[in-house]
Structures are given as C-alpha cells and as structure tokens.
Amino acid sequence: MKIVFLCMVLAMLGSKPVLGQARLSIPKGRPIMVDGKFSDREWVDARTLLVRDSIRLYFKQTKEYVYIGIQPLAKEYSSGWIDLFVADEGQGIYNLHASRKLGERRLADGQWEGWKEWWTNEGSWRANYSRPDDIRESDRWKVVQLKDEGWEFQISKRRFSSSQWKIMFDISLMFQEVANIKYPAAVADTTPDAWLQLRL
C-alpha cells in the first residue's frame, strides 16, 4: 500500500499543469514570523499561486522585505529542502538554499560558485530550516527530523535592488523516495528568461 500511495503522490506532483501567471504584482502586507508555521491569518494578505495541485506559493511585501511562502499540500512527506533562485539585473543570479542549514551561492560565468562562508547569508535574508530532535523509543534515544509545514523566506529589498525580480523554485520532498517539483517547470537554474517575474 505504501508503494501504491507513493506512486499516486508522485503522479500528482508531476502530471498536473501549473496554475498561475508568468508575472506577478506583489501586494503590500503585514510581516510574518519566519518559522515554517502557516497560521490561519498569517498569509491572508498575500498573493497566491497553486503549483500542480500540490504546492501553494505565497507572496507579499513590506517597505523593507519581500516574504515568500512555500507550503506543500501533501502532509505525508517526512522532510525536505528547497532551492530558491533569484535573478536581479543589478546583482546577478543567486541560489538561496534551506535544508538543515541555510546556504547561498552565486552564479559566475555560467557556473555556480561554492557555498558562501560556510552557509552564512550575512543577515540579508532569513528562512526556516530543518532541525533535529531527540526522542525516546523503546528505552533508547534516537534522532528524528522535525518537520515544518513548509518554508518561509524573508528577503531584504536592499539585497536585490531592482523593482523586478525573476525567481525559480526547486523543491524536494522526502517520501519513501524524493519527489522533486520545479516552478516554473522545465527551466534551467542558470537561465532566468522564463522564470516567474515579481513586480515590487
């Protein structure tokens, strides 16, 4: 049954068309707590996109920050990670990564550089990340991975100075196997021409 269920989930993630537009105007909204918990009213003032009936994306901004939420609708995954790619004409192309740690790297001459300074982003953006915990089971302690409801990013507008960003999502969810979802689909992480454009 688990194998059948996994096949159904992977089919759902990979077969449905993406709902949304190539360009989005980002509304003004209230700040959020960047903790991976999607409370009932936290994102009510955001613009949303539904990707393949399996991922809901949220977008809003304040004077200083852009907020992006990524919420998987399938609850059966055990953990995951995300790469958010941001292209800005004045700053170049960057990969913002969240898994067990936060990392950042830059595209230079068509190649990705190494992760910057041992996974530090110098405070220009924040996101929640996976955290381990110890639980007691059958008189033994074991390490488990705490799972959030998704990922929330807070990105300083001073970091990317343009009023128009191009972004791409590469989302990995761990079931019995890894399910990978990209939005926009079938685009390269080094070529932003067909990425989603955000108007701030």
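Name the residue that is modelled with the lowest pLDDT, counting only residues in the stretch 105-145 that are closer than 17 Å to V66 by Cα and surrounded by 14 or more Cβ atoms within 10 Å (Cβ to Cβ). Walk me through it before giving the result.
First, the residues of the stretch 105-145 that are closer than 17 Å to V66 by Cα: 121-128.
Keeping just the survivors that are surrounded by 14 or more Cβ atoms within 10 Å (Cβ to Cβ) gives 121, 124-128.
Numbers: N121: 58, S124: 89, W125: 93, R126: 92, A127: 93, N128: 89.
Here the answer is N121.
Any residue at all in the stretch 55-70 that is at pLDDT 95 or above and in contact with a helix residue (DSSP H, G or I) (Cβ under 7 Å, 6 or more places away or on another chain)?
no
When the stretch 161-170 is examined, which residues are found to be farther than 18 Å from R47 by Cβ and at pLDDT below 95?
Step one: filter the stretch 161-170 for residues farther than 18 Å from R47 by Cβ, giving 161-162, 170.
Those that are farther than 18 Å from R47 by Cβ and at pLDDT below 95: S161, S162.
Considering only the stretch 23-78, give the strands (runs of 3 or more DSSP E) lying wholly within it that have at least 3 residues that are surrounded by 12 or more Cβ atoms within 10 Å (Cβ to Cβ). Full working, then the answer.
Numbers: elements: 23-25, 47-51, 55-61, 65-72.
Ranges flagged: 47-51, 55-61, 65-72.
Restricted to the stretch 158-199, and to residues that are part of a loop (DSSP other than H, G, I, E, B) and within 16 Å of L57 (Cβ to Cβ), which residue is most open to solvent (accessible area, probe 1.4 Å)?
So the first thing to find is which residues in the stretch 158-199 are part of a loop (DSSP other than H, G, I, E, B), and the list is 158-163, 175-177, 184-191, 195.
Still in the running and within 16 Å of L57 (Cβ to Cβ): 184-185, 187, 195.
Values: P184: 20, A185: 47, V187: 24, W195: 8 Å².
Restricting to residues being part of a loop (DSSP other than H, G, I, E, B) and within 16 Å of L57 (Cβ to Cβ), the top hit is A185.
Is there any pair linking a residue in the stretch 160-174 that is within 23 Å of R52 (Cα to Cα) and among the small types (G, A, S) to one that is in a strand (DSSP E or B) and open to solvent by less than 30 Å² (accessible area, probe 1.4 Å), with Cβ under 6 Å and at least six apart or on different chains, and which?
Partner pairs satisfying both residue conditions: S172/G80.
The values are calculated or read from the model by the stated rules, or taken from the named source; none is laboratory data. These figures come from a predicted structure and were not determined experimentally. Quick reminder, even Gly has a Cβ in these numbers, built from the backbone with ideal geometry, and neighbours come from all protein chains shown. When the accessible area is computed, the model is the full protein with side chains, heavy atoms only, and any ligands, DNA or RNA have been set aside. Shrake-Rupley method; radii C 1.70, N 1.55, O 1.52, S 1.80 Å.
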